[in-house]
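Enquirer: Supplied in structure tokens, the structure appears directly below.
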Amino acid sequence: MGQYDGKVAMITGSGSGIGRATAIIMAERGADLIIHDINEKGANETAEKVKALGRKAKVWVADVSNVAAMKKVVAEAEKHYGKIDVLVNNAGVASDRCPIEGVTEAMFERSIGIHVRGTMFTTQAVIPGMKQRRYGKIVNISSIQGTVGHTEGSTYNGAKGALLAMAKGWAKEFAPWNIAVNVVAPGHCMTPMPMAKDSPEVLAEEAKTVPFKRYGQPEEMGYAIAYLCSSEADFVTGQVISPNGGYIIT
Ligand SMILES: NC(=O)c1ccc[n+]([C@@H]2O[C@H](COP(=O)([O-])OP(=O)(O)OC[C@H]3O[C@@H](n4cnc5c(N)ncnc54)[C@H](O)[C@@H]3O)[C@@H](O)[C@H]2O)c1
């Protein structure tokens, strides 16, 4: 018996990186997957990996910041699988890294739209079914930047901080329906996101700032997410796990 036997998990942005690693870990443990991404190719690749493990996977392509599109994804996915037990609000984009004087409304709208609007309204769409079944596990993917911030990161810091606070409020709001809401706040993680932004030299310098002197792997975030969405975490809600190699110790 797998920990996730009979469970259906939806992971936004699961066409790459942390979302893909989490989908594979949950599939290995018995889950069927709703693979969502704006990148169809990446989403299809993840779905193939899940199917190769003997689990079901169906792809939905949509911009997570488009409320109507995500409502449709959730409705179609619920119809297809009959339910959604797990939602991981993972889709995200890198920080703009811009001094505040240079922040444009477009930068603000993009970061807040993808991270905050996406998480808010995907969760809103999933909640009625979870309440009806009196079962749900939700994890918001924040960032170490959501608590300690980084310089010239206004739009990203703000969005990731919002995801932390939203999860804490939702943990209280949804508890009467047996729905748990937690946060994983990754530290430096080697995915296409930092690799697209920084040269190998910059990444190597950055790794030196981590007490473990390396970047984390996507699976190292995925294991924390998979734990929080499993029955092993049935008494855990409103909490934050930050796999960060010791970068933040609280
Ligand atoms: N990699 C890190 O160091 C790091 C650190 C802290 C937090 N995070 C967070 O982890 C999450 C996953 O990031 P990752 O590192 O795996 O990056 P990634 O780029 O590998 O994956 C992000 C995925 O989100 C998808 N996405 C982006 N915009 C979208 C949109 N508008 N609609 C739908 N899908 C969209 C991308 O296509 C991609 O598949 C993000 O929320 C990110 O902010 C990453």
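Computed from the coordinates by the stated procedures, all read-outs in this text should not be read as laboratory data. Treat the numbers as computed from the prediction; the structure is a model and nothing was measured. Ideal geometry is used to build each Cβ from the backbone, glycine not excepted, and the neighbour counts take in all protein chains shown.
Enquirer: Peptides 64-71, 14-21: what's the order by average Cβ count within 10 Å, highest mean first? Intermediate values should be presented prior to the final figure.
Expert: Values: 64-71: 18.6, 14-21: 26.1.
Result, highest mean Cβ count within 10 Å first: 14-21, 64-71.
Enquirer: Can I ask one more? Give the peptides 144-150, 185-191 in descending order of average Cβ contacts within 10 Å, highest first. Before the final figure, lay out the partial values.
Expert: Working: 144-150: 17.4, 185-191: 21.6.
Going by the mean number of other Cβ atoms within 10 Å, highest first, we get 185-191, 144-150.
Enquirer: Still on this structure, I have one more. Looking only at 47, 224, 204, which one moves most when the chain is put into a Gaussian network model with springs between Cα atoms under 10 Å?
Expert: 204
Enquirer: How tilted is helix 67-81 with respect to the longest principal axis of the chain? Cα atoms for both, answer in degrees (0 to 90, nearest 10).
Expert: That helix lies at roughly 40 degrees to the long axis.
Enquirer: Under a Cβ-Cβ cut-off of 14 Å, what is the net charge of the residues other than residue 133 that fall near it, where Lys and Arg count +1 and Asp and Glu count -1? Show your work: numbers first, answer last.
Expert: Numbers: positive: 7, 83, 131, 134, 137; negative: 78, 85.
Surrounding charge for residue 133 is +3.
Enquirer: Counting pairs of alpha carbon atoms under 8 Å apart in space and at least six apart in sequence, what relative contact order in percent does the range 122-250 give? Could you put the intermediate results ahead of the total?
Expert: Values: 188 pairs, mean separation 38.9, N = 129.
It rounds to 30 percent for the range 122-250.
Enquirer: Okay, next question. Considering only the other residues whose Cβ falls under 14 Å of the Cβ of residue 115, what net charge follows from Lys and Arg at +1 and Asp and Glu at -1? Working shown, then result.
Expert: Values: positive: 110, 117, 160; negative: 63, 96, 109.
Residues close to residue 115 contribute a combined charge of 0.
Enquirer: While we're here: Among 220, 206, which comes first, then next, by fewest other beta-carbon atoms within 10 Å? Present the calculation step by step, with values, prior to reporting the outcome.
Expert: Numbers: 220 18, 206 13.
Taking fewest neighbouring Cβ atoms as first place, the list is 206, 220.
Enquirer: When only Cα pairs under 8 Å and 6 or more residues apart are kept, what is the percent relative contact order across the range 8-241? Spell out each step's value before the answer.
Expert: Details: 452 pairs, mean separation 47.4, N = 234.
Relative CO of the range 8-241 lands at 20 percent.
Enquirer: Taking a ≥ b ≥ c as the square roots of the eigenvalues of the Cα gyration tensor of the range 35-99, is the shape rounded (a/c under 1.5), prolate (a/b larger than b/c) or oblate? Don't jump to the answer; show the numbers that get you there.
Expert: Values: a/c = 2.29, a/b = 1.42, b/c = 1.61.
Oblate, because a/c is 1.5 or more while a/b does not exceed b/c.
Enquirer: Could you compute the FRET efficiency for residue 214 and residue 44, with r as their C-beta to C-beta distance and R0 at 30 Å, rounded to 0.05? Mind showing how you got there, number by number?
Expert: Numbers: r = 31 Å, r/R0 = 1.02.
My answer for the efficiency is 0.45.
Enquirer: Nearest 10 degrees is fine. How inclined is helix 17-28 to the longest principal axis of the chain, computing both from alpha carbons?
Expert: The angle comes out near 30 degrees.
Enquirer: I've got another one for you. So, counting K/R as plus one and D/E as minus one, what does the shell of residues with Cβ under 15 Å around residue 68 add up to? Don't skip to the answer; put the middle values down first.
Expert: On the way: positive: 71, 72, 117; negative: 63, 76.
Its environment carries a net charge of +1.
Enquirer: Ratio of the range 146-213's C-alpha Rg to 2.2 N^0.38 Å, to two decimals? Please report the intermediate quantities before stating the final value.
Expert: Values: Rg = 15.7 Å, N = 68, 2.2 N^0.38 = 10.9 Å.
Taking N as the residue count of the range 146-213, the ratio is 1.44.
Enquirer: How big is the convex hull of the Cα atoms of the chain, per residue, in Å³?
Expert: For the chain, the hull spanned by Cα atoms encloses 122 Å³ per residue.
Enquirer: Something else: Strictly over 26 Å apart at the Cα level, which of 41/168; 49/172; 7/168 would you flag in this model? Mind dumping the intermediate values first?
Expert: Working: 41/168 34 Å; 49/172 36 Å; 7/168 24 Å.
From the list (41/168; 49/172; 7/168), the Cα-Cα distance tops 26 Å for 41/168; 49/172.
Enquirer: Per 0.36 nm of contour for each residue apart, how much would the distance between residue 5 and residue 108 grow if the chain were fully extended, relative to their Cα-Cα spacing?
Expert: Working: separation 103, 0.36 × 103 = 37.08 nm, distance 4.01 nm.
Going from the current span to full extension adds 33.1 nm.
Enquirer: Taking other Cβ within 10 Å of each residue's Cβ, how do 22, 122 sort, fewest first? Don't skip to the end; give the middle numbers.
Expert: Details: 22 32, 122 26.
The fewest-first ordering by Cβ neighbours comes to 122, 22.
Enquirer: On to the next question. Run through the range 116-225 and list the trypsin sites (Lys or Arg not before Pro) located in a DSSP loop whose Cβ has at most 16 other Cβ atoms within 10 Å. Display every interim value, and only then the final one.
Expert: Details: sites: 117, 131, 133, 134, 137, 160, 168, 172, 197, 208, 213, 214; in loops: 134, 208, 213, 214.
Passing sites in the range 116-225 are 134, 208, 213, 214.
Enquirer: Sort the following peptides by mean Cβ neighbour count (other Cβ atoms within 10 Å, averaged over residues), highest first: 227-237, 23-33.
Expert: Values: 227-237: 16.4, 23-33: 23.6.
Order by mean packing, descending: 23-33, 227-237.
Enquirer: Okay, next question. Return the distance in nm (one decimal) between the two label points of a simple spin-label model at residue 75 and residue 94, each offset 7 Å from Cα along Cα→Cβ.
Expert: The answer from the label model is 3.7 nm.
Enquirer: Let me ask another. Run the simple label-point estimate for residue 164 and residue 150 please: 7 Å along Cα→C-beta, distance reported in nm.
Expert: 1.5 nm
Enquirer: Give me 126, 59 sorted ascending by neighbouring Cβ count inside 10 Å, so fewest comes first.
Expert: On the way: 126 24, 59 19.
Ordered by Cβ neighbours within 10 Å, fewest first: 59, 126.
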